[in-house]
Amino acid sequence: MIYALFILLLVAGVPIAVTIFASMLVFMGFGEAPYSLRIVATEMFKGMNSFPLLAIPLFVLAGEVMNESGITGRIIAFANVLVGRLRGGLALVNIWASVIFAGLSGSAVADTSALGRVFIPEMEKHGYSRAFAAALTAASSVIGPIIPPSIPVIIYALIVSGVSVPALFLAGVMPGILLAVFLSAYVMLTVKIDQSDVDDDMEIPSARSAVLGGILPLLMPVFVVGSILLGIVTPTEAASFAVAYALILGLFVYRNIELSALPRLFAGAMRDSSVILIIISAVSAANWVLTYNRVPNMLTDWVLTNVDSQTTFLLAAMLLFLFVGLFLEGIAAMLVLVPILHPIAVGLGVDPVHFGILVIFNLMIGLITPPLGLCLFVAEGVAQVGMARITRAILPFFLVEVLVLFILTFVPSTVLWLPRLFGY
């Protein structure tokens, strides 16, 4: 009955956290000892009783402030200097602006919303179809949670004890850049010649002014990630530094944020953070039931008995995460599956940092896949082209991202090279 209720609520479109809560309450209410409704509340709060979790609302707030401070234009101008004159220049600026934006907000949805409002109409003016522009914006925004700072990385490190946040941060750099390179290659191979010019309105007076304008925003991820790697601060302390840096830029340097706007920004960050934290608390309670009934142990024993190859396991795990990403939000899927699959991966000799980045990369692809891809919804909301058109347009980008995923899966050095270079 409990599984039928869970599936029914999920199919009905009930939020994943509410679905888990409802299923847990029914299970605990009718279960025999030691099951009790009190355990649900206890495990919920135990799941949120973690100092590193403070980094999540702080990074969300930093992203809100950076978005409000008018840095989008500076990022676009900087990316324009880098790739704007190449074939398909405007599309390439879209992709590499996402790379730069990733180091500021770490949020794919924020990337899609902020850059989509600029690039979708601009690309349409230059001959790109509106659906293509929306699909490209959504696809490139997947880079956001992969390149540090990254909220999914912090959550993964909380789920799996012993995995280093700095190592995961470093491991995400090359996959993010590799994804940008492959998306750029696809664009350059498929774009028409008459779509390669960049609009004069998108340009700035000189390359020098664009570079100078992009220095201060680009310093934030350098300071944040660098301070963590040097052991000066913890990820949570680095997140508070990111908020302070963003506030200084917005209030005193660019002066694009009024003091009266701060309550709205803080409220928005609280709302977005609460969604993540509620999911974490719900899954923590559900994981107690799985652990108490030794489900992870039994599954681990079965896999280790029947699967004797890293390649087979990684292939099966990646396909599973791709499938689950169609229906579950990435963080929720991570919280449910990682505690089960991580011990199996380690038992088969898979590097935990490598496996962590594969999981995060995989589930971020789910942000652009129907029926529940958040970035797909945001891009369609900006473009207003209909889900059918944007879904068709995003299919080639989805295949490119899956290709990159399999390269990362079976060429571990693409993920582990940078962490090993820094001694992790």
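The values are calculated or read from the model by the stated rules, or taken from the named source; none is laboratory data. Quick caveat, the model's predicted, so the values are computed rather than measured. Cβ sites come from the backbone with ideal geometry, for glycine too, and all protein chains shown count toward neighbours. Areas reflect the complete protein model, heavy atoms only, side chains present, ligands, DNA and RNA absent. Shrake-Rupley method; radii C 1.70, N 1.55, O 1.52, S 1.80 Å.
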Per the filter on segment 115-131, residues part of a helix (DSSP H, G or I) and open to solvent by 20 Å² or more (accessible area, probe 1.4 Å) are 117, 118, 121, 122, 124, 125, 130
Pairs returned, first residue in segment 6-20 that is within 12 Å of residue 280 (Cα to Cα), second residue that is of a type in the set (Asp, Glu) and modelled with pLDDT under 75, beta-carbon separation under 9 angstrom, 6 or more apart or interchain, are 16/329
Of (1) under 19 Å from residue 155 (Cβ atoms); (2) exposed (fewer than 15 other Cβ atoms within 10 Å of the Cβ); (3) in contact (Cβ under 8 Å) with a residue 60 or more places away in the chain, residue 291 satisfies every one except (3)
request  = State yes or no: is residue 94 of a type in the set (S, T, N, Q), surrounded by 24 or more Cβ atoms within 10 Å (Cβ to Cβ) and either within 16 Å of the chain's Cα centre (by Cα) or closer than 22 Å to residue 379 by Cβ (or both)?
outcome  = yes
Checked segment 132-183 for anything under 20 Å from residue 96 (Cβ atoms), open to solvent by less than 10 Å² (accessible area, probe 1.4 Å) and over 13 Å from the mean Cα position of the chain (by Cα); matches are 133, 134, 135, 136, 137, 179, 180, 183
Pairs returned, first residue in segment 133-156 that is over 24 Å from residue 223 (Cβ atoms), second residue that is of a type in the set (D, E, K, R) and open to solvent by 10 Å² or more (accessible area, probe 1.4 Å), beta-carbon separation under 7 angstrom, 6 or more apart or interchain, are 133/124; 134/380
Checked against (1) farther than 30 Å from residue 125 by Cβ; (2) at pLDDT below 80; (3) touching a Gly at 6+ places or on another chain (Cβ under 6 Å), residue 281 satisfies every condition except (2)
Sole miss for residue 351 among (1) open to solvent by less than 50 Å² (accessible area, probe 1.4 Å); (2) touching a residue at least 60 places away in the same chain (Cβ under 8 Å) is condition (1)
Scanning segment 160-188 residue by residue, the ones that are free of Cβ contacts under 8 Å to residues at least 12 places away in the same chain and assigned to a loop (DSSP other than H, G, I, E, B) total 1
Condition set surrounded by fewer than 17 Cβ atoms within 10 Å (Cβ to Cβ) and within 22 Å of the chain's Cα centre (by Cα), scope segment 385-395, selection farthest from residue 183 (Cα to Cα): answer is 387
Per the filter on segment 211-261, residues out of contact with any helix residue (DSSP H, G or I) (no Cβ under 8 Å at 6 or more places or on another chain), free of Cβ contacts under 8 Å to residues at least 40 places away in the same chain and either hydroxyl-bearing (Ser, Thr, Tyr) or open to solvent by less than 40 Å² (accessible area, probe 1.4 Å) (or both) are 226, 260
